1. Given the conditions (1) within 30 Å of residue 16 (Cβ to Cβ); (2) over 14 Å from the mean Cα position of the chain (by Cα), which single one is not true for residue 149?
2. Is one or more of the residues making up the stretch 37-51 within 16 Å of the chain's Cα centre (by Cα) and either closer than 24 Å to residue 188 by Cβ or assigned to a loop (DSSP other than H, G, I, E, B) (or both)?
3. Tell me the residue from 54, 19 that is more than 20 Å from residue 97 (Cβ to Cβ) and modelled with pLDDT of 95 or more, please.
4. Need at least 2 residues that are in contact with a helix residue (DSSP H, G or I) (Cβ under 7 Å, 6 or more places away or on another chain), at pLDDT 95 or above and among the hydrophobic types (A, V, I, L, M, F, W, C) per element, so show me which strands (runs of 3 or more DSSP E) inside the stretch 97-213 make the cut, counting only ones lying wholly within it.
5. Only one of 141, 188, 132, 155 is among the acidic types (Asp, Glu) and surrounded by 14 or more Cβ atoms within 10 Å (Cβ to Cβ). Can you tell me which?
6. Which of the residues belonging to the stretch 64-92 are in contact (Cβ under 8 Å) with a residue 40 or more places away in the chain and assigned to a loop (DSSP other than H, G, I, E, B)?
7. Starting from the stretch 51-63, take each residue that is farther than 24 Å from residue 74 by Cβ and list its partners that are basic (Lys, Arg), counting only C-beta distances under 8 angstrom and pairs at least six apart or across chains.
8. Residues of the stretch 1-16 being outside any loop (DSSP other than H, G, I, E, B) and either more than 17 Å from residue 33 (Cα to Cα) or among the basic types (Lys, Arg) (or both), which ones?
Amino acid sequence: MVKVSVVIPVYNVEEFLKECLDSIVNQTLEDIEIICVNDGSKDKSLDILNYYAENDDRFTVISQENGGHAVATNRGMKLAEGEYLYLMDSDDIVELTTLEETYNYAKEKEADFVIFQSLNYAMDEDKIYKTDIYSMDHIADFVGDSVFNYEDLGDMIFDIPVTPWSKLYNNQFIKDIGATFPEGLVFDDNIFFWDVLFNAKRIAFYRKYLFKR
(Lines give C-alpha, C1' and ligand atoms only; values in the text may rest on other atoms or scores of the structure.)
Protein backbone atom coordinates (compact mmCIF):
# COMPACT_ATOMS: atom_id res chain seq x y z
CA MET A 1 0.00 0.00 0.00
CA VAL A 2 1.36 3.41 -0.95
CA LYS A 3 1.34 6.11 1.69
CA VAL A 4 -0.70 8.73 -0.19
CA SER A 5 -3.04 8.68 -3.16
CA VAL A 6 -3.28 11.99 -5.01
CA VAL A 7 -6.46 12.44 -7.06
CA ILE A 8 -6.57 15.21 -9.66
CA PRO A 9 -9.61 15.88 -11.88
CA VAL A 10 -8.48 17.60 -15.08
CA TYR A 11 -10.49 19.74 -17.50
CA ASN A 12 -9.02 22.19 -20.02
CA VAL A 13 -6.11 23.39 -17.86
CA GLU A 14 -3.13 23.08 -20.20
CA GLU A 15 -1.86 26.48 -19.06
CA PHE A 16 -1.48 25.39 -15.43
CA LEU A 17 -1.26 21.60 -15.54
CA LYS A 18 2.50 21.15 -15.81
CA GLU A 19 3.16 23.36 -12.80
CA CYS A 20 0.55 21.44 -10.83
CA LEU A 21 1.95 18.03 -11.77
CA ASP A 22 5.53 19.12 -11.12
CA SER A 23 4.57 20.07 -7.57
CA ILE A 24 3.33 16.50 -7.04
CA VAL A 25 5.93 14.55 -9.01
CA ASN A 26 8.72 16.22 -7.05
CA GLN A 27 7.26 15.66 -3.59
CA THR A 28 9.79 14.62 -0.96
CA LEU A 29 7.41 11.78 -0.13
CA GLU A 30 7.97 9.49 -3.10
CA ASP A 31 5.73 6.61 -2.00
CA ILE A 32 2.60 7.97 -3.65
CA GLU A 33 0.23 7.20 -6.50
CA ILE A 34 -1.09 9.95 -8.76
CA ILE A 35 -4.53 9.38 -10.25
CA CYS A 36 -5.51 11.90 -12.92
CA VAL A 37 -9.00 11.84 -14.41
CA ASN A 38 -9.21 13.72 -17.70
CA ASP A 39 -12.81 14.93 -17.77
CA GLY A 40 -13.27 15.36 -21.51
CA SER A 41 -10.67 18.10 -22.00
CA LYS A 42 -10.67 19.76 -25.43
CA ASP A 43 -7.20 21.26 -25.12
CA LYS A 44 -3.82 19.54 -24.71
CA SER A 45 -4.39 18.48 -21.10
CA LEU A 46 -4.61 14.79 -21.97
CA ASP A 47 -1.36 14.96 -23.97
CA ILE A 48 0.36 16.49 -20.96
CA LEU A 49 -1.02 13.80 -18.66
CA ASN A 50 0.11 11.03 -20.97
CA TYR A 51 3.61 12.49 -21.17
CA TYR A 52 3.94 12.45 -17.40
CA ALA A 53 2.50 8.93 -17.20
CA GLU A 54 5.03 7.67 -19.76
CA ASN A 55 7.86 8.97 -17.59
CA ASP A 56 6.58 8.11 -14.10
CA ASP A 57 5.00 4.77 -13.26
CA ARG A 58 3.25 6.28 -10.24
CA PHE A 59 0.72 7.83 -12.64
CA THR A 60 -2.67 6.44 -13.60
CA VAL A 61 -4.46 8.43 -16.30
CA ILE A 62 -8.15 7.90 -16.99
CA SER A 63 -10.02 9.70 -19.73
CA GLN A 64 -13.79 10.06 -19.81
CA GLU A 65 -16.51 12.17 -21.37
CA ASN A 66 -17.11 15.41 -19.55
CA GLY A 67 -19.13 14.74 -16.42
CA GLY A 68 -18.04 17.52 -14.12
CA HIS A 69 -15.74 17.91 -11.12
CA ALA A 70 -17.69 15.58 -8.84
CA VAL A 71 -17.89 12.73 -11.34
CA ALA A 72 -14.18 12.91 -12.12
CA THR A 73 -13.13 13.19 -8.47
CA ASN A 74 -15.37 10.33 -7.35
CA ARG A 75 -13.97 8.09 -10.06
CA GLY A 76 -10.43 8.82 -8.96
CA MET A 77 -11.30 8.26 -5.30
CA LYS A 78 -12.70 4.81 -6.08
CA LEU A 79 -9.33 3.80 -7.50
CA ALA A 80 -7.29 5.30 -4.66
CA GLU A 81 -5.48 2.61 -2.68
CA GLY A 82 -3.20 4.76 -0.55
CA GLU A 83 -3.24 4.93 3.22
CA TYR A 84 -4.06 8.62 2.99
CA LEU A 85 -5.84 10.63 0.31
CA TYR A 86 -5.08 14.08 -1.10
CA LEU A 87 -7.55 15.78 -3.45
CA MET A 88 -6.38 18.73 -5.52
CA ASP A 89 -7.50 20.69 -8.56
CA SER A 90 -5.41 20.71 -11.70
CA ASP A 91 -4.45 24.38 -11.37
CA ASP A 92 -3.23 23.99 -7.78
CA ILE A 93 0.34 24.04 -6.47
CA VAL A 94 1.63 22.61 -3.20
CA GLU A 95 4.96 22.90 -1.44
CA LEU A 96 7.26 19.99 -2.21
CA THR A 97 7.19 18.77 1.40
CA THR A 98 3.39 18.88 1.71
CA LEU A 99 2.61 15.19 1.51
CA GLU A 100 5.54 14.10 3.66
CA GLU A 101 4.81 16.59 6.42
CA THR A 102 1.05 16.07 6.54
CA TYR A 103 1.35 12.29 6.25
CA ASN A 104 3.78 12.13 9.15
CA TYR A 105 1.57 14.42 11.23
CA ALA A 106 -1.55 12.41 10.39
CA LYS A 107 0.20 9.22 11.44
CA GLU A 108 1.46 10.81 14.65
CA LYS A 109 -2.02 12.01 15.57
CA GLU A 110 -3.86 8.97 14.15
CA ALA A 111 -6.05 11.53 12.40
CA ASP A 112 -9.11 10.97 10.27
CA PHE A 113 -7.96 14.09 8.51
CA VAL A 114 -5.44 16.90 8.86
CA ILE A 115 -6.14 20.55 8.08
CA PHE A 116 -3.31 22.83 6.95
CA GLN A 117 -2.92 26.47 5.95
CA SER A 118 -3.12 27.83 2.42
CA LEU A 119 -1.97 30.88 0.49
CA ASN A 120 -4.01 32.68 -2.15
CA TYR A 121 -2.79 33.76 -5.55
CA ALA A 122 -4.04 36.82 -7.45
CA MET A 123 -3.34 36.05 -11.09
CA ASP A 124 -3.98 39.58 -12.32
CA GLU A 125 -1.37 40.93 -9.88
CA ASP A 126 0.88 37.86 -9.86
CA LYS A 127 0.83 38.12 -6.09
CA ILE A 128 0.67 35.52 -3.32
CA TYR A 129 -1.04 36.67 -0.13
CA LYS A 130 -2.54 35.43 3.14
CA THR A 131 -6.20 35.60 4.10
CA ASP A 132 -7.93 34.96 7.42
CA ILE A 133 -10.19 32.28 5.97
CA TYR A 134 -7.35 30.08 4.72
CA SER A 135 -4.91 30.92 7.52
CA MET A 136 -7.40 29.91 10.25
CA ASP A 137 -5.06 31.29 12.91
CA HIS A 138 -7.81 31.56 15.52
CA ILE A 139 -8.61 27.87 15.08
CA ALA A 140 -4.93 26.95 15.23
CA ASP A 141 -4.56 28.98 18.43
CA PHE A 142 -7.57 27.24 19.95
CA VAL A 143 -6.71 23.61 19.15
CA GLY A 144 -2.91 23.80 19.27
CA ASP A 145 -1.39 20.33 18.93
CA SER A 146 -4.45 18.56 20.31
CA VAL A 147 -6.67 16.12 18.46
CA PHE A 148 -10.26 17.39 18.22
CA ASN A 149 -13.64 16.92 16.55
CA TYR A 150 -16.37 19.26 15.41
CA GLU A 151 -18.02 19.37 18.83
CA ASP A 152 -14.87 20.87 20.33
CA LEU A 153 -14.93 23.80 17.89
CA GLY A 154 -18.45 25.13 18.41
CA ASP A 155 -19.27 27.86 15.90
CA MET A 156 -15.69 27.82 14.63
CA ILE A 157 -16.68 24.90 12.38
CA PHE A 158 -18.09 27.56 10.05
CA ASP A 159 -14.64 29.15 9.79
CA ILE A 160 -13.03 26.07 8.23
CA PRO A 161 -12.87 26.33 4.42
CA VAL A 162 -14.79 23.49 2.75
CA THR A 163 -12.09 23.12 0.08
CA PRO A 164 -10.57 19.60 0.03
CA TRP A 165 -7.13 20.78 -1.09
CA SER A 166 -6.32 22.14 2.38
CA LYS A 167 -6.71 18.71 3.97
CA LEU A 168 -5.18 15.23 3.98
CA TYR A 169 -7.69 12.43 4.60
CA ASN A 170 -7.36 8.93 5.99
CA ASN A 171 -8.47 6.96 2.94
CA GLN A 172 -10.07 4.10 4.86
CA PHE A 173 -12.05 6.61 6.92
CA ILE A 174 -13.39 8.21 3.73
CA LYS A 175 -14.35 4.82 2.33
CA ASP A 176 -15.94 3.67 5.59
CA ILE A 177 -18.28 6.66 5.77
CA GLY A 178 -18.96 6.54 2.02
CA ALA A 179 -18.09 10.19 1.50
CA THR A 180 -18.38 11.31 -2.14
CA PHE A 181 -18.93 14.52 -4.05
CA PRO A 182 -22.61 14.94 -5.05
CA GLU A 183 -22.86 14.96 -8.82
CA GLY A 184 -24.63 17.81 -10.59
CA LEU A 185 -24.10 20.46 -7.90
CA VAL A 186 -21.99 23.57 -8.36
CA PHE A 187 -20.74 23.66 -4.77
CA ASP A 188 -20.09 19.94 -4.37
CA ASP A 189 -17.24 20.64 -1.91
CA ASN A 190 -19.78 21.67 0.73
CA ILE A 191 -21.58 18.34 1.00
CA PHE A 192 -18.35 16.36 1.06
CA PHE A 193 -16.83 18.61 3.73
CA TRP A 194 -19.73 18.46 6.16
CA ASP A 195 -20.10 14.71 5.73
CA VAL A 196 -16.43 14.25 6.57
CA LEU A 197 -16.38 16.78 9.40
CA PHE A 198 -19.41 15.37 11.23
CA ASN A 199 -18.10 11.81 11.00
CA ALA A 200 -14.50 12.49 12.01
CA LYS A 201 -13.52 11.57 15.54
CA ARG A 202 -9.89 12.66 15.25
CA ILE A 203 -8.95 15.89 13.47
CA ALA A 204 -5.56 17.59 13.65
CA PHE A 205 -4.41 21.06 12.58
CA TYR A 206 -0.98 21.39 10.98
CA ARG A 207 0.05 25.01 11.29
CA LYS A 208 2.02 25.57 8.14
CA TYR A 209 1.31 27.13 4.74
CA LEU A 210 1.62 24.28 2.24
CA PHE A 211 -0.82 25.19 -0.54
CA LYS A 212 -0.37 27.96 -3.08
CA ARG A 213 -3.12 28.92 -5.50
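1. Just one mismatch for residue 149, condition (1).
2. yes
3. Sole residue among the options that is more than 20 Å from residue 97 (Cβ to Cβ) and modelled with pLDDT of 95 or more: 54.
4. In the stretch 97-213, the matching strands (runs of 3 or more DSSP E) lie at 113-122, 203-212.
5. None of the other options fit; the residue is 188.
6. Answer for the stretch 64-92, where residues must be in contact (Cβ under 8 Å) with a residue 40 or more places away in the chain and assigned to a loop (DSSP other than H, G, I, E, B): 66, 67, 68, 80, 81, 82, 83, 88, 89, 90, 91, 92.
7. Nothing qualifies.
8. If the condition is that a residue be outside any loop (DSSP other than H, G, I, E, B) and either more than 17 Å from residue 33 (Cα to Cα) or among the basic types (Lys, Arg) (or both), then 14, 15, 16 are the ones that fit.
The values are calculated or read from the model by the stated rules, or taken from the named source; none is laboratory data. Bear in mind that the values here come from a model prediction, so they are computed numbers and not experimental data. A quick note on method: Cβ atoms are made from the backbone with ideal geometry, for glycine too, and the neighbour counts reach across all protein chains shown.
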